[in-house]
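A.B. asks: Let me give you the structure first, and then I'll get to my questions.
The values are calculated or read from the model by the stated rules, or taken from the named source; none is laboratory data. This structure is a prediction, so every number in the text was calculated from the model and none was measured. Positions of Cβ are backbone-derived with ideal geometry, glycine not excepted, and every protein chain shown enters the neighbour counts. The protein model used for the area step is the full one, side chains on, heavy atoms only, and it has no ligands, DNA or RNA in it. Shrake-Rupley method; radii C 1.70, N 1.55, O 1.52, S 1.80 Å.
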Amino acid sequence: MKKEKSTWTICKVTLSRGLWIAIFLIPFLWLSTLLLLFMDSTKAGTFGDMFGAVNALFSGFAFLGIIYTISLQRRELKLQRKELKLTRKEFKTQNRTLSFQRFENTLFQMLQLHHEIIDKLEIKTTEIDINHPSERVDEFKKRWVFKESKTKILKALLYMRERGYDETESTGLITKIRILEGDEEYRDWIVDSYLYFYKRDEGSNLSYYFRNLYHIFKFIHLSTDIEPERKRFYASLVRAQLSPDELFLVFYNAFVPGLGHPNMLFLIKEYDILQNLDDNEINTKYSNHLEVFERMQNQCENPFNEKLLM
């Protein structure tokens with residue numbers, strides 16, 4: 001860069017000197033041509049030959065002018081290239097900003113829908129009151145639905161574990177009481193218990209809720225607009241919206257093939273969705289469930305083919 005500047009300085013000095021010489025020399029030469037009027041033809045020819053060097057001098061000035069013009073064009077092209085690089089960088093920055101804003105807007109709209117779904121949740125349960133001949137109808141709304149659903153899942157686990165389930169029931173499930181040995185045995189019991197709740201006790205009303213929650217985390221996971229570190233940050237924001245009762249339901253939903261297994265199970269593992277799960281009740285009554293779940297997570301592979309989905 002310094003060498004280029006020094007060359008450019010020398011060129012400018014040379015040209016400026018040449019211009020000053022031309023300014024004084026051209027009028028002098030023009031005036032000298034008046035002498036030809038007072039000379040004979042032979043002397044005039046000799047006098048004209050004296051200006052051959054002057055012609056060469058002006059040719060040199062013309063050549064320097066061309067070089068000067070080329071140098072100016074080179075400098076302008078370099079400036080244009082620099083401006084284009086800066087423009088490209090600016091466009092890339094703007095595109096990243098727009099993509100980031102688009103991601104955030106979509107995510108927050110999905111979160112808003114998540115809360116709207118919760119606000120519209122409503123289930124009614126009918127139980128026979130021993131003290132009264134009539135049935136008692138209980139109505140649960142919003143987040144109270146999760147608490148009631150948690151209670152019913154615990155009841156389903158107890159029922160399936162201690163009594164088994166008759167094929168003649170409406171769900172069509174068969175669960176034979178047996179000694180539970182190994183993860184598969186426990187998974188079968190958990191899956192049957194959850195499906196008993198899901199198909200018999202209004203659990204299907206939560207299907208829209210689970211699908212939307214799954215797609216929120218899937219959207220974060222498959223997004224190409226943010227870096228992996230930022231994905232964990234946004235996943236933590238979504239995780240903070242989930243109550244302990246919701247996490248309890250997400251935990252057991254992840255056992256069931258076709259519902260939360262394997263896709264949601266992988267996302268739970270990837271983004272530590274159950275970080276705030278209050279597992280005291282599970283650990284007290286069914287400690288093996290936590291162990292089976294942990295082994296399931298360790299064996300779970302990525303079910304998303306990002307190259308095809310992006």
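A.B. asks: Can you put Leu86, Leu158 in order of accessible area, largest first, using a 1.4 Å probe?
C.D. replies: Most to least solvent-accessible, the answer reads Leu86, Leu158.
A.B. asks: Check Val256: other-chain or 5+ apart residues with amide H under 5 Å from its amide H, H built from backbone geometry?
C.D. replies: Residues meeting the criterion, in which the H sits 1.01 Å from N, are His261.
A.B. asks: If you place +1 on the Cβ of every Lys and Arg, -1 on the Cβ of every Asp and Glu, and leave all else neutral, what size is the dipole of the stretch 61-103 about its Cα centre, to the nearest 20 Debye?
C.D. replies: 280
A.B. asks: Rank Phe255, Phe91 by accessible area, highest first, at a 1.4 Å probe radius?
C.D. replies: Heavy-atom accessible area, descending, gives Phe91, Phe255.
A.B. asks: Continuing with the same structure: For each pair in Lys152/Lys231; Lys199/Lys285; Lys141/Lys199, compute the distance between the two Cα atoms and list the pairs where it is over 28 Å. Can you show the working numbers first?
C.D. replies: Working: Lys152/Lys231 34 Å; Lys199/Lys285 23 Å; Lys141/Lys199 19 Å.
Violating the 28 Å limit, Cα to Cα: Lys152/Lys231.
A.B. asks: Another question about this same structure. Leaving ligands, DNA and RNA out of it, rank Lys150, Lys199 by accessible area with a 1.4 Å probe, largest first. Don't jump to the answer; show the numbers that get you there.
C.D. replies: Working: Lys150 40, Lys199 120 Å².
So, going from the largest accessible area down, we get Lys199, Lys150.
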